[in-house]
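> Shown below is the structure under consideration.
The values are calculated or read from the model by the stated rules, or taken from the named source; none is laboratory data. Fair warning: this is a prediction, and the values are worked out from it, not measured in the lab. Note that we place each Cβ from the backbone using ideal geometry, even for glycine, and neighbour counts take in every protein chain shown.
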Amino acid sequence: MTISRLRAAFPVGRLATLGAALATIVLVCGLVSAALAQSAAKPKLLATAKPSDCAACHGKVSPLPQAHPAIANKAMSDCLGCHAKASANTLRGKLPLSHTHQLSGVTCKSCHANARKPEAVKAAKCLTCHSGEAIFAATAAVKPTNPHGSPHYGKESDCNLCHHPHEKAENYCSQCHKFEFKVP
């Protein structure tokens, strides 16, 4: 079909409407497709999963890079051989705390009273293993200010504001401030 025939069949008004309709269809299909892909990739939280059994929660799509060495029966100490805190390959801010805990021998039951129907863990539970004073001391040199010594909350801020056990951690302070903390 020639351009003149297309113009005759689809006057500018109809062509614009057709174009808008097609753009809407492409946008909606793209969003639906992205939402389906995202929900399919979201891991399931399984209290019975072994720490190095990625497939138990992530399914057939491994979250590890293709060339990554096998991690079966590995512990966090094994991971730190390549992923030390100070290295370019650090896992800080990349690996959810649930993974760090599991690979360190801390099970779901250690934090959740009922691992099959887990409820959110309160900061007080975190402080049964992690000393607030020790954390404050360990981050004392962080600039521009110690993230565990907030002028708003003191040393009593809720761990869950920044540290999300089953999701990527966030820099809660950055909602108002321009602090560039790397949150594990």
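> Among all residue pairs at least 6 apart or on different chains, which show Cβ distances below 8 Å where the first residue, located in the range 132-143, is without any contact (Cβ under 8 Å) to a residue 40 or more places away in the chain and the second is surrounded by 10 or more Cβ atoms within 10 Å (Cβ to Cβ) and polar (S, T, N, Q)?
Final answer for the pair search is Phe136/Asn146; Thr139/Asn146; Ala140/Asn146.
> Residue by residue through the range 144-173, note down the ones that are in contact (Cβ under 8 Å) with a residue 24 or more places away in the chain, outside any loop (DSSP other than H, G, I, E, B) and either touching a Gly at 6+ places or on another chain (Cβ under 9 Å) or surrounded by 16 or more Cβ atoms within 10 Å (Cβ to Cβ) (or both).
Cys159, Cys173
> Restricting the search to the range 72-103, which residues are surrounded by 14 or more Cβ atoms within 10 Å (Cβ to Cβ), out of contact with any Lys or Arg (no Cβ under 8 Å at 6 or more places or on another chain) and not in a helix (DSSP H, G or I)?
Lys74, Ala75, Leu80, His83, Thr90, Leu91, Leu95
> Also, quick follow-up: Among Pro65, Pro69, Pro51, which is the only one that is modelled with pLDDT under 85 and either not small (Gly, Ala, Ser) or not in a loop (DSSP other than H, G, I, E, B) (or both)?
Values: Pro65 fails: modelled with pLDDT under 85; Pro69 fails: modelled with pLDDT under 85.
From the options Pro65, Pro69, Pro51, the qualifying one is Pro51.
> To continue, here is another question. Exactly one condition in (1) in a loop (DSSP other than H, G, I, E, B); (2) exposed (fewer than 10 other Cβ atoms within 10 Å of the Cβ) is false for Ala124; which is it?
Result: Ala124 passes all but (1).
> Taking His83 and the conditions (1) modelled with pLDDT of 90 or more; (2) more than 20 Å from the chain's Cα centre (by Cα); (3) outside the structural domain of Glu156 (by TED's automatic domain parsing), which numbered condition does it fall short on, given that it satisfies the others?
The failed condition is (2).
> Quick check on my filter: what residues within the range 104-121 are surrounded by 17 or more Cβ atoms within 10 Å (Cβ to Cβ) and closer than 19 Å to Asn73 by Cα?
Result: Cys108, single match.
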